[in-house]
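Heads up: the structure comes next, in structure tokens.
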Amino acid sequence: SKAKLFDQDQKVKTSFKDVAGLEGAKEEVQEIVDFLKSPDKYTSLGGKIPKGALLVGPPGTGKTLLAKAVAGEANVPFFSLSGSDFVEMFVGVGASRVRDLFKQAQQKSPAIIFIDEIDAIGRARGKNNMTGGNDERENTLNQLLTEMDGFGTDTNVIVLAATNRADVLDKALMRAGRFDRQIYVDLPDIKERAQIFKVHIKPIKIHKDVDIEFLSQQTPGFSGADIANLCNEAALIAARQGKKAVHHQDFLDAVDRIVGGLEKKNKIISPKE
Ligand code: ATP
């Protein structure tokens with residue numbers, strides 16, 4: 001089967017209300033929404049609209065969701081690809097694929113390009129030279145930098161990239177006119193977890209004994225993705241038992257199951273709170 005180069009979503013439905021918590025990050029990306037919606041307002045005084053921003057934070061905290069919500073709020077198409085797929089799947093053609101991506105986004109501009117796991121292509125150059133495929137990765141990275149430098153500020157394509165390893169990124173990526181803004185997307189605190197529960201409980205038929213406050217207390221260290229997974233797991237547990245609604249106990253059973261899974265994955269779990 002032919003691997004997909006990148007995804008495009010012309011009619012993004014995701015909006016800020018799908019993103020629970022992350023108030024600070026939402027405030028910062030609101031500016032990007034404004035740039036996309038009315039660029040003239042910003043360029044009329046001679047200012048340059050930023051070309052890129054880096055979303056930095058642990059896995060599953062909503063970076064992709066937030067990037068998509070920016071496109072949804074601005075009502076512009078969303079082009080996305082994952083750095084890791086990119087380097088693995090397109091040996092020998094990474095650079096030309098980057099070119100295609102930017103070309104298509106510019107044709108549909110205003111638009112958002114989202115690059116998940118940018119560290120897979122954006123690691124500092126000159127390191128890990130022993131590993132094969134490094135030239136390929138460097139070519140891809142160089143092409144990305146070329147594209148970002150190449151498109152004028154009048155193009156109105158903004159590139160958002162996500163990473164949980166900002167420390168390993170090539171400094172060239174962070175230079176002015178590239179990803180010169182960093183937006184932090186952290187693990188949710190107890191209040192934010194409650195908000196995330198509320199989002200993910202919406203499509204589920206829950207019994208009135210479900211106590212979101214309590215579940216939020218029981219889930220320190222959980223990401224938004226973990227909570228989404230937990231809600232789904234609880235619904236499946238209840239369904240398996242032939243219940244008419246998902247009860248509090250089903251959520252607790254799902255917590256146990258997921259904490260068990262996380263422990264296996266991380267060996268130790270160190271709750272933040
Ligand atoms: P990764 O670094 O692993 O790519 P990510 O930070 O991009 O993760 P997402 O892919 O955006 O995380 O999150 C995965 C899913 O988890 C989302 O589609 C959503 O269902 C849920 N989720 C994560 N964070 C939030 C949040 N703040 N509010 C609501 N749902 C969330």
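Side notes on the structure shown:
- Taking the Cα centre of the chain as origin and assigning +1 to Lys and Arg Cβ atoms and -1 to Asp and Glu Cβ atoms, the resulting dipole is close to 500 debye.
- MRE, 222 nm, helices only [DSSP H, n ≥ 4, -39500 (n - 2.57), over the chain, to nearest 500]: -14500 deg cm²/dmol
- Extension gain, Arg165 to Asp85: 0.36 nm times the residue separation minus the Cα-Cα distance gives 27.1 nm.
- Dipole of the chain, positive direction: furthest Cα of Val19, Pro59, Ile201, with charges on the beta-carbon: Ile201
- Percent of beta bridges antiparallel (DSSP, the chain, rounded to nearest 5): 15
- Using distinct alpha-carbon pairs, which all enter the 1/r mean, Kirkwood radius of region 208-260 in Å: 11.0
- Three principal axis lengths of region 163-273 [C-alpha, angstrom, descending]: 56, 30, 24
- If the chain linking Arg257 and Thr146 were pulled fully straight, counting 0.36 nm for each residue of separation and taking away their Cα-Cα distance, it would gain 35.3 nm.
- As a calculated quantity, the FRET efficiency between Gln10 and Lys244 at R0 = 41 Å, using C-beta atoms, amounts to about 0.55.
- Computed FRET value (nearest 0.05) for Arg99 with Leu45, which takes r as the C-beta separation and R₀ as 35 Å: 0.60
- Values of log10 I(q)/I(0), in the order q = 0.14 Å⁻¹, for region 35-120 under a Debye, Cα-only, solvent-free model: -0.58
- Calculation over all alpha carbon pairs of region 1-54 in 5 angstrom steps from 0 returns a P(r) of 4, 13, 18, 19, 18, 14, 8, 4, 1, 0, 0 percent.
- Once the chain from Met174 to Ile190 is taken as fully extended at 0.36 nm per residue, the excess over their C-alpha distance is 2.5 nm.
- Spread of Cα-to-Cα distances over 10 Å intervals beginning at zero, given as percent, for the chain: 7, 26, 29, 23, 12, 3, 0
- Relative to the dominant Cα principal axis of the chain, helix 63-74 is inclined by about 70°.
- To the nearest ten degrees, helix 190-201 and the longest principal axis of the Cα atoms of the chain are 80 degrees apart.
- Pairs of alpha carbons in region 158-212 separated by more than 14 Å make up 68% of all such pairs.
- Folded to 0 to 90 degrees: helix 134-150 orientation relative to the chain principal axis, Cα: 70
- The residues of the chain expose on average 51 square angstrom of accessible surface per residue, using a 1.4 Å probe on protein heavy atoms.
- The apolar share of the surface of the chain, taken as the fraction of accessible area on carbon and sulfur atoms (1.4 Å probe, ligands and nucleic acids excluded), comes to 50 percent.
The values are calculated or read from the model by the stated rules, or taken from the named source; none is laboratory data. None of these values were measured; they are calculated from a predicted model. Cβ atoms come from the backbone with ideal geometry, glycine included; neighbour counts cover every protein chain shown. Surface areas here come from the heavy atoms of the whole protein model, side chains and all, with no ligands, DNA or RNA. Shrake-Rupley method; radii C 1.70, N 1.55, O 1.52, S 1.80 Å.
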